[in-house]
Amino acid sequence: MRKVDMPERPGWREAAAELGFTFADMHGEPYWDESSAYEFTLREIEDDIEDPAAELHGLCREAVAAIVASEELMTRLAIPEPHWDLVAESWHRNAPEIYGRFDLAYDGTGPAKLLEYNADTPTSLYESASFQWGWLEEQIALGVLRPTDDQFNSIHEALVDRFRTLFAPGTDLHFAAMAGNPEDYATVEAMGWAAREAGLGAHYTDLEKIGLSEDGQFADAEDRVIGTLFKLYPWEDLLRDPFAAHLAGAGCLLLEPAWKAVVSNKGLLPVLWQMFEGHPNLLPAFFLADVEAALSGGSPAPAVAASFARVPHLAREHVVKPLFSREGASISIVENGQVTDASPDQGYAGHPKIVQAYQPLPVFDGFRPVIGAWMVGTACCGVGIREDRGRITQDLSRFKPHYIRD
Amino acid sequence: MRKRSHRVALCIVGAAAFSLAGCREEEVDAQAFPDLASCQAAARVGSSAFSEADCDTAFAEAQQIHVESAPRYDALEVCEAEHGEGACGSEQQVTGGGTGSIFMPLLAGYLIGNMLGRGMPMAQPLYRSSDGRFTNATGATSYSGNSGRTQVGASQFERPPTTVGKPPMSKTTVTSRGGFGGSATGRSFGG
């Protein structure tokens with residue numbers, strides 16, 4: 001793994017605008033940045049990212065089974081009690097999952113470490129699956145990259161296959177996002193293209209415009225009944241919305257399914273550590289409530305005391321994350337017992353928290369990349385990299401393309 | 001083994017994208033005609049890329065797709081809400097078969113296209129939509145008119161799913177809206 005400076009494609013900004021990629025520059029800062037790219041060997045991709053991501057996915061599914069069977073864990077993960085059955089039933093019915101993204105810390109050596117799992121509403125799908133792909137093809141055509149270079153990115157094809165496997169031809173799917181957010185919309189539309197290519201009907205509706213019919217079904221902005229709804233809106237919010245009461249009776253298949261509420265939740269991380277302590281791709285993690293006293297010299301909760309004692313460095317070197325947090329909000333880093341970094345956005349500060357061992361991100365040319373490993377179904381099928389100058393990757397981080405050279 | 005997609009949809013074109021197909025796909029020269037006669041007339045005066053025989057073949061194909069795949073509704077008013085007043089009839093009236101309790105739009109023209117390497121022209125039926133524009137059978141694509149030349153994506157000529165024998169679309173009665181989105185905690189929901 002290395003970072004390589006390379007010429008930008010002439011006119012790529014105009015091309016991006018034409019393709020509708022309007023947030024290629026956000027808030028005056030470059031978001032898509034192709035002045036350099038990350039190079040991987042095939043071995044790094046396959047052995048260090050693809051296979052571990054598929055394995056992590058399996059561990060997460062084991063964790064789901066354990067969490068939905070435990071009232072204690074459902075409580076700790078702040079799943080609203082009236083919806084425990086909805087979440088558990090969606091798991092027991094094997095409600096299908098479409099996609100997800102593991103965020104990994106990886107520097108080209110040693111095992112990639114799971115920072116968190118965006119299991120429910122991962123974005124940057126368009127730039128990962130599509131714009132990055134176009135970059136590789138064009139850079140090969142321009143002679144900047146070699147014809148033998150490749151990219152770990154079959155995300156689009158995997159999504160098409162996934163939709164084709166799950167739904168009969170002609171099935172109507174609705175896609176919803178909150179209005180007015182081009183980044184979210186781009187992810188929803190990339191998903192819609194895949195559904196359409198799979199021979200399905202793809203319809204968009206703003207999430208806020210969804211209505212409820214007399215007989216308790218959800219309907220789109222044009223009053224059409226919604227049979228299947230892909231929603232780019234997190235379950236932790238959905239379950240607290242007024243219409244949540246109608247989820248069970250609406251006869252609507254939701255994508256991602258309700259059981260994703262227990263994995264798109266930082267509470268997953270301590271559960272994984274409890275179940276698979278010492279796994280090479282996991283970082284030690286605990287519920288803050290269990291170890292808060294221990295962090296200031298007291299004792300941890302008895303249930304985790306032994307486990308906590310096996311990671312003596314964690315008390316002074318860790319990251320505190322709220323259960324629900326997007327784009328790095330409300331995260332703080334503790335080093336040598338002191339808070340050395342905290343994200344300015346404290347919007348989630350009031351939520352329950354977890355602590356995770358601090359895994360510094362590698363630094364390449366002044367920037368710290370996070371590897372997004374894309375899952376479709378149960379397979380890892382691509383990588384999207386975001387990097388930031390700061391240690392907490394936030395919504396203004398840059399997206400960097402990558403290629404494989406062997 | 002290749003680790004990347006062989007092809008992907010490259011563009012995101014704003015809120016209309018779900019009603020537009022054909023993003024950077026193969027483009028096909030196409031022409032729309034309100035009826036068979038106008039197609040034949042254009043062919044005779046040479047103002048069309050298509051011959052009279054093409055007109056006949058394509059019209060027959062569009063009519064067949066129309067019978068099999070036109071949108072079907074459970075009430076005339078639901079159909080007219082989509083396609084405009086006077087633009088619908090019962091399945092019996094429109095196709096000469098079926099029932100009188102299912103309603104579908106009248107054929108309002110057809111799109112004829114030439115794809116390289118395919119001997120015969122391709123065709124799709126066109127329907128009025130309530131906003132004065134025209135749509136294809138699935139309603140997924142909207143056109144500004146039912147005559148004139150255009151270029152459309154090749155997928156526009158894929159065969160739409162059949163609607164014969166399927167439950168017709170009904171208009172649900174919506175009693176409330178806005179029950180989702182209120183708990184939003186951030187301005188972007190991705191991560």
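In table form, for the structure just shown:
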{"quantity": "For the pair A and B, total buried accessible area rounded to nearest 100 Å², probe 1.4 Å", "calculated": "5300"}
{"quantity": "Relative compactness, the stretch A:56-125, computed as alpha-carbon Rg over 2.2 N^0.38 Å", "calculated": "1.30"}
{"quantity": "Rh by Kirkwood over Cα pairs, then Stokes-Einstein D for the stretch A:13-87 at 0.890 mPa s and 25 °C, µm²/s", "calculated": "145"}
{"quantity": "Volume of the Cα convex hull of the stretch A:232-381, divided per residue and given in Å³", "calculated": "164"}
{"quantity": "log10 of Debye I(q)/I(0), alpha-carbon scatterers only, for the stretch A:195-272 at 0.18 Å⁻¹", "calculated": "-0.79"}
{"quantity": "Residues whose placed amide H lies under 5 Å from that of B:ARG4, excluding near-sequence neighbours", "calculated": "A:GLN151, A:ASN153"}
{"quantity": "Whole-Å semi-axes of the ellipsoid equivalent to the stretch B:47-155 (Cα gyration tensor, √5λ, descending)", "calculated": "26, 16, 11"}
{"quantity": "Mean Kyte hydropathy of -0.5 or more with a Cα span along the axis of at least 24 Å, helices from DSSP in chain A", "calculated": "A:51-68"}
{"quantity": "Enclosed volume per residue, in Å³, of the convex hull spanned by Cα atoms of the stretch A:117-218", "calculated": "136"}
{"quantity": "Ranked by how many other beta carbons lie within 10 Å on average, peptides A:362-375, B:95-108, A:115-128, A:264-277 from highest", "calculated": "A:115-128, A:264-277, A:362-375, B:95-108"}
{"quantity": "P(r) of chain A over all Cα-Cα pairs, binned every 10 Å from zero, in whole percent", "calculated": "5, 22, 32, 26, 12, 3, 0"}
{"quantity": "Mean accessible surface per residue for the stretch A:205-280, computed with a 1.4 Å probe while every protein chain stays in place, in Å²", "calculated": "29"}
{"quantity": "Average beta-carbon neighbours from other chains, 10 Å sphere, peptide A:133-142", "calculated": "2"}
{"quantity": "Distance histogram in 10 Å bins (all Cα pairs of the stretch A:30-176, percent per bin)", "calculated": "8, 29, 33, 21, 7, 2"}
{"quantity": "Convex hull of Cα atoms in the stretch A:359-399, direction-averaged projection (nm²)", "calculated": "3.5"}
{"quantity": "Shielding by partners - mean other protein chain Cβ count within 10 Å, residues of A:201-211", "calculated": "5"}
{"quantity": "Portion, in percent, of the accessible area of the protein assembly as shown that falls on carbon or sulfur, probe 1.4 Å", "calculated": "51"}
{"quantity": "Values of log10 I(q)/I(0), in the order q = 0.26, 0.29 Å⁻¹, for the stretch A:231-298 under a Debye, Cα-only, solvent-free model", "calculated": "-1.10, -1.24"}
{"quantity": "Over 21 Å between alpha carbons, listed pairs A:LYS231/A:LYS400; A:LYS321/A:LYS400; A:LYS113/A:LYS321; A:LYS3/A:LYS321", "calculated": "A:LYS231/A:LYS400; A:LYS321/A:LYS400; A:LYS3/A:LYS321"}
{"quantity": "For q = 0.15, 0.16, 0.17, 0.18 Å⁻¹, Debye-computed log10 I/I(0) when each Cα of the stretch A:169-220 counts as one equal scatterer", "calculated": "-0.45, -0.51, -0.56, -0.62"}
{"quantity": "Principal axis box of the stretch A:276-362, alpha-carbon based, largest edge first, Å", "calculated": "34, 28, 24"}
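The values are calculated or read from the model by the stated rules, or taken from the named source; none is laboratory data. Computed from a predicted model, the values in this text were never measured in an experiment. Virtual Cβ from ideal backbone geometry, glycine too; neighbours counted across all protein chains shown. Please note that ligands, DNA and RNA were not included when accessible areas were found on the heavy atoms of the full protein model with its side chains. Shrake-Rupley method; radii C 1.70, N 1.55, O 1.52, S 1.80 Å.
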